[in-house]
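Note sheet for the following structure.
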Amino acid sequence: MKRILLLLLLLALALPARAQDAMIEALPGLGGGFGAQATAVERLGALGDPRALPVLRALADGRLLRGADGGLLIREGDQLLDAATGAAVPRPEAEPARININNRVRVALRGALGRLQIVSPDPAERLAAAEGVFRMRSAENLPLLEAALTREAVPRIRERLELALGASRLASEDLEAKRAGIAALGASASPEARAVLLEARAANAALLPEIEAAVAAIDRRLQLRQAAETLFQGLSLGSVLLLAALGLAVTFGVMGVINMAHGEFVMLGAYTTVVVQDLTRDIPWLAPWSLPLAVPAAFLVTALIGAAMERGLIRHLYGRPLETLLLTFGVGMMIQQAVRLTFGAQNREVISPAWMQGTLMLPGDIAVTQNRLWILAFSLVVLALVVAAIRFTRFGLEMRAVTQRRAIASSMGIRTGRVDALTFAFGSGIAGIAGVALSQIDNVSPNLGTGYIIDSFLVVVFGGVGSLAGTLIGAFSLGIINKVLEPWAGAVLAKVFVLVAVMIFIQRRPRGLFPQKGRAAEA
Amino acid sequence: MSVTALPGARASGLRIGLRAVLIGAVLVLAAMPVLNQLPQDHALHVSDFLVSVTGKWICYAILALSLDLAWGYAGILSLGHGAFFALGGYAMGMHLMRLIGPRGVYGHPVLPDFMVFLGYQELPWYWLGFDSFAFAMLMVLLVPGLVAFVLGWLCFRSRITGVYLSIITQAMTYALMLAFFRNDMGFGGNNGFTDFKELLGMPLSTTAARAALFYASLVALVGCYLLCRWITGTKYGRVLTAIRDAESRVRFLGYGVTRHKLFAFVLSAMMAGLAGALYVPQVGIINPSEFSPGNSIEAVVWVAVGGRGTLVGAVLGAFSVNGLKTWLTSTAPDLWLFVLGGLFVLVTLLLPRGLIGLVQGRGQGGPK
């Protein structure tokens, strides 16, 4: 029987038109006795024809009917479909009879449906079927898999099918087929393929060298993928740190004002995103743009609060950094409590726009979440804008002049007070923008900022106070170091290690990676 | 300049007045557990709540004193003194846990409940010895002292000062908080230690035990105050103050700035540890939230409100701010954080010398 089936299948591969005929030929068996039904089910299952799938499903669900003329019909809701063509047919006068099945047919159906899913129109089902066949590891599935491979267009499913084919070949009796299977499995980067190969060692003593080589190849690829993923996670964490630290690099690094309320500005930026989202929710054409709109809104809100804080409070404490630290901490505490009372202590939901959701699969099965990719790009754009603002604008020039020699700048006609306020507002505004980005990956709660403040200071100190390049390098290196340490130290200990490492680093280079040079450094 | 160095007749009058007020305050505090024994309807009866809350405040006052020694006299604004406090508390907590013995819920002869729950087979090595009171007391001082020594040595020798140091100390307490939250550290994870039974053979729930702890705290407070007063009055103390005001100048004059600061920092951390050790049996619990950076910075506010650089100010600040906190968190809990934040702003902008500055009047000068 199996031989004949195999032969039939080979024919089916060579001649697609004949294959469809074979399906039509096998169909009437379903309406026969239980024995004929089981045979027909097995045949349809092995044929790998997508059209057989709805018919077998209908049979399994008790929706397959026998018409008065013996033709098979599928009940689909109120409609009746012809089993062979799938076309809707008018309801016949005589009520069609339901086709019953017994346990033997049910078992056959289960196997056939599992295999046939490999040609289902739904990609998720095909993927699941490919995994299932991979796990079965039986040479019987070879023709089915080969048929499915010729049809399959989705690369990810093709990959799984090829793995399944390799595993099935390895299970066959033919030595050459086994070799091909080992080669196919070895070309992948799949831990499951590795497990299959390791398991096959006992039964295939003759092929041991090939198997070992294939396992080694997989291991290499897995390590590479692991490294790539760690690198991405590190870059992603680095971009978050960069965003959080950029504002601080301006207020602390350029102005020398220590702002412990910086984290609260980040938090305010995140809440501005929530508010903008709530406001635009009922305006259909605006709603998808709420996130881009939140960026300038958050900048404005936090910049205004920052300017008010600088003019009203901080200005009186220039030259007294410890007092400034305490004062800004107090202000941060009040901002946090105000937000808690206004918006509630629980987390607020921020909906990511569709273009930020989902996961991107890079070649080699490296999973990359879209929103983290966007934030990575966003952080670099913000950095570029900050650098441009400081380098190329009038405001940036005045800012640099004031921080380098306040008295001279003042005598040249620069209104230093105004520049101070604008600089602080600028730094605070960047913190707000960071909040917009962080609202996409972190819980928006009144405590959002507290988690970032210490990390941000570490980044600025590590990179070198007053150096934006240092902030960039500092953020990404701390992010990557953190993620590299995490697998073997755990998230918490990794943080502690980084902390200690930065402290020891400061021992060697007290002014950070990129120390300021010249007179400004001594001030 | 400190209270002890005020010039002129007015200053000496102040000093005598201050001494009288201080002795009076100590006597009032000492009388509280006694007055607690009076019948409920007696006019001078002091409620259980007030006694226990005052006991806590006394521990906070020791913490404030220790912070003032570091900040007010040596210019080291530590945002991590809460960590030393908590470390001392944990050392005491470990002793108390060992004393529970087989009376835990699981009835294990040696292991505390949380270890049985987490599947420990035997006591981790760092728990050994904590069944002895003397060893535990030694650890109460040694552990915070050692942490402060390592941190201080690393920072002071590379001349990390000012806000950098503050942030590093804050990072330290943050890191310790994260570490103590972990279950596999062997310190009870986020539940910490609780359900203490006894200390030195006294069941902790009795009035006598609570009074004893109260008096122990009071004695410690007076002792720490006198120690700090003595230290700040010596030549060493003068050098310390000079370092605070002009570190480089003192260094160029040939003083070992690192050694001076390190001694003050380590001593201060030990005092904070002592405060924590006295605090834990009184409140009956210690958990990692004691490490949260907010706690440390609250202690800074006590000192700032009272008046840094004056030992009395630190104590006064601890009592007044905590009194305000206890009152506000029961009457208007939402307001408390506004008031606390407002205190930061008020003190730094308008009252740089704190409440003591108000008493002393203007023009006396203080730490800049």
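Readers should treat all values here as calculations from the given coordinates under stated rules, not as data from a laboratory. Only a predicted model underlies this, so the values are computations on that prediction, with no experimental measurement involved. Backbone-built Cβ (ideal geometry, glycine too); neighbour counts: all protein chains shown.
Suppose every K and R has +1 on its Cβ and every D and E has -1 on its Cβ; what is the size of the dipole of segment B:3-293 about the Cα centre, in Debye to the nearest 20? Numbers along the way, then the final one.
Values: 19 positive and 12 negative charges, 284 e Å.
In debye, rounded to 20, segment B:3-293 gives about 1360.
Close lysine pairs were tallied over the protein assembly as shown: pairs 8 or more places apart or on different chains with Cα atoms under 25 Å apart number 7. Extending 7 Å from the Cα toward the beta-carbon at both residue B:23 and residue B:289 defines two label points whose distance is 4.3 nm.
What is the Cα centroid distance between segment A:397-455 and segment A:90-161, reported in whole angstrom? A separation of 61 Å, based on Cα centres.
As a length-normalised measure over Cα pairs under 8 Å and 6 or more apart, the relative contact order of segment B:3-293 settles at 36 percent.
Each stretch of four or more DSSP H residues adds -39500 (n - 2.57); spread over every residue of the protein assembly as shown, this sum gives -22500 deg cm²/dmol at 222 nm.
Dipole magnitude for chain A: about 1640 debye, using +1 per Lys or Arg Cβ and -1 per Asp or Glu Cβ, origin at the Cα centre.
Calculated over the protein assembly as shown, the projected area of the Cα convex hull averaged across directions stands at 53.2 nm². For residue B:259 and residue A:320, the FRET efficiency from 1/(1 + (r/R0)^6), where r spans their Cβ atoms and R0 equals 25 Å, is about 0.40. Remark: segment A:2-207 carries a charge dipole of roughly 500 debye about the Cα centre, counting +1 on each Lys and Arg Cβ and -1 on each Asp and Glu Cβ. In this rough spin-label picture, where each label sits 7 Å from Cα along the Cβ direction, the residue B:200-residue B:106 distance is 3.1 nm.
Give me the extension gain from residue A:208 to residue A:354: residue separation times 0.36 nm, minus the current Cα-Cα distance, reported in nm with one decimal. Before the final figure, lay out the partial values.
Details: separation 146, 0.36 × 146 = 52.56 nm, distance 4.91 nm.
Taking 0.36 nm per residue and subtracting the Cα distance, the gain is 47.7 nm.
Label sites at residue A:340 and residue A:131, each approximated as a point 7 angstrom past Cα along Cα to Cβ, lie 4.3 nm apart.
How many percent of Cα pairs in chain B exceed 33 Å? Write out the running numbers ahead of the final one.
Working: 20809 of 67528 pairs.
Counting every Cα pair in chain B, those more than 33 Å apart make up 31 percent.
Please report the relative contact order for segment A:356-493, taking Cα pairs under 8 Å with a sequence separation of at least 6, and give it as a percent rounded to a whole number.
Values: 70 pairs, mean separation 15.2, N = 138.
For segment A:356-493, the relative contact order is 11 percent.
With contacts taken as Cα pairs under 8 Å and at least 6 residues apart, segment A:225-521 reaches a relative contact order of 38 percent.
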